[in-house]
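Data first, discussion second: the structure below is written as structure tokens.
The values are calculated or read from the model by the stated rules, or taken from the named source; none is laboratory data. Given the structure is predicted, the values throughout are model-derived calculations rather than measurements. Because the Cβ atoms are built from the backbone with ideal geometry, glycine has one as well, and the counts that use them run over all protein chains shown. With ligands, DNA and RNA removed, areas are computed over all heavy atoms of the protein, side chains included. Shrake-Rupley method; radii C 1.70, N 1.55, O 1.52, S 1.80 Å.
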Amino acid sequence: MSPGGHSRWSRAAILGATLTGTVESVIPEGILSYDGKKLLAAPAAFGMALPPESSSLQITLVAPDGLQDGCAPEVTLTRSRDSPSWALLAQRSPNCSFSERAVAAQKLGAVALVVVNTVEGIYANRSFGEAKQDYECRNGESFVTSVQAKGGKMAGFPGSECARQCQSKRCLLTGQRSDAQGLQVCCAWDTMLTMAESDDSPPISIMAVFLNMASGDSIGELPKSNASIFKRWRPAVDPSSLVLWALACATVAFSGWNAAKEQRRQIAVSVDKDLGSGAVLEFASASEEVLELTPSHALGFLVIASGTLLLLFYLDLNLVVTVSFCLSAASCTGQMIAKFLAKQFSRTNTLVFDSIFVGPTSVADLAGLAGGLA
């Protein structure tokens, strides 16, 4: 680093942000455990924080009578409860907000709310799902004759060919129709959600977590006693962030060193001609290369890399990226092999031309370029 660069405290701050401040999507930081099984759960943005496993909340899971969405005031609980600490398990629907469900469960005496994702909740009173956000046709696609066919729209057409291909086992209407085949359905995403609180919601003091559809399917019949909710253990520092940071620094360092290879050769030749070989060694020891790698380089790499990943997430460039990587790998491999083989012959080091754009170019360099293109 240069003496006039960032202070050691600023460098430490950037390094700490790199290791701990990673950008994350909805992370299932909670666990719902019962009968020896552990289901991933996403905690809500409201209510009580999840306790560690050592002091987990012991509950009995109870489903509402009548409508299963847990919305007030339709919910009434008449079933007997084996535990004074019980949690309401409700199905996601557009009939009320997440915080309204939590308030309704809290008024009934529940200590926790568990909301399970549903096809009805994904549709949210819409006739069709939204591409990419709600479904992905590359994960499963087929056609149905009507909204009641193959198990029905709100069930996710479980009897369709799409559902058999799909990991979530549920498919959504896309709004596309084929005169010959019928209504198009595509595989529904079964993602986690962070349940948000409404602006006018009263205080919520109970725990609340969200389960995906696959977890909801595995629960089976209720009530279930001896269940518990707790927070997953996570390391204070994400090892993957440390690896990415080290890889970024190593890439920049090697690129800078390798890019100056020709300049180093030219300097060595020039000094050798003017001062003799003895002075070359003295020059090399007195003029060691200084790698100017500042925190700005590392931060710039992270910003550009994150922006690129974000672009790839929203744009369907999967095939383009795959083909580009394959061509690049084949080109680099061919170039290295061809250049190595060409250098085994003495005449291949003969200079062909010298350009301000590409620098001195030898026969071996041209052979490597031809191998890469081939």
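Bridgeable lysines around Lys231 (alpha carbons under 20 Å apart, same-chain partners fewer than 8 residues away excluded): Lys37, Lys38.
In the context of the full set of protein chains, residues of segment 140-219 present 49 Å² of accessible surface per residue (probe radius 1.4 Å, heavy atoms only). Using a cut-off of under 19 Å, list every residue of segment 165-200 whose amide N is near the label point 7 Å from the Cα of Lys132 along the Cα-to-beta-carbon line. What the label zone holds, given the 19 Å backbone N cut-off, is 172-176, 186-192.
Computed from label points 7 Å out along Cα-Cβ, the spacing between Phe345 and Thr333 is 2.5 nm. The ratio of the alpha-carbon radius of gyration of segment 139-241 to the globular-protein estimate 2.2 N^0.38 Å is 1.49. Surface composition of segment 121-178: carbon plus sulfur atoms hold 46% of the accessible area, using a 1.4 angstrom probe and ignoring ligands, DNA and RNA. Between amide H atoms placed 1.01 Å from N, distances below 5 Å from Ile206 occur with Met48, all of them 5 or more places distant or on a separate chain. Residues whose amide H lies under 5 Å from that of Gln91, counting only those 5 or more places away or on a different chain, are Asp69, Gly70, Val116; hydrogens are built 1.01 Å from N in the peptide plane. Using θ = phi - 60° in the Karplus curve 6.51 cos²θ - 1.76 cosθ + 1.60, the 3J(HN,Hα) couplings for segment 141-152 round to 7, 6, 10, 10, 7, 7, 6, 8, 6, 6, x, x Hz; x is entered for Gly and Pro. Cross-link candidates for Lys107: which lysines have Cα within less than 23 Å, leaving aside residues fewer than 8 places away along the same chain? Of all the lysines, those that pass the test against Lys107 - Cα under 23 Å, at least 8 places apart if same chain - are Lys224.
Packing order of peptides 104-116, 223-235, highest average first: 104-116, 223-235 (average count of other Cβ atoms within 10 Å over each peptide's residues).
The H on the amide N of Phe157, modeled in the peptide plane, is under 5 Å from the matching H of Gly152, Cys171, each at least 5 residues off or on a different chain.
Shape analysis of segment 199-261 yields a ratio of the Cα radius of gyration to the Kirkwood radius, Rg/Rh, of 1.34. Compute the label zone of Arg164 within segment 183-225: residues whose backbone N is under 19 Å from the point 7 Å along Cα-to-Cβ. What the label zone holds, given the 19 Å backbone N cut-off, is 183-188.
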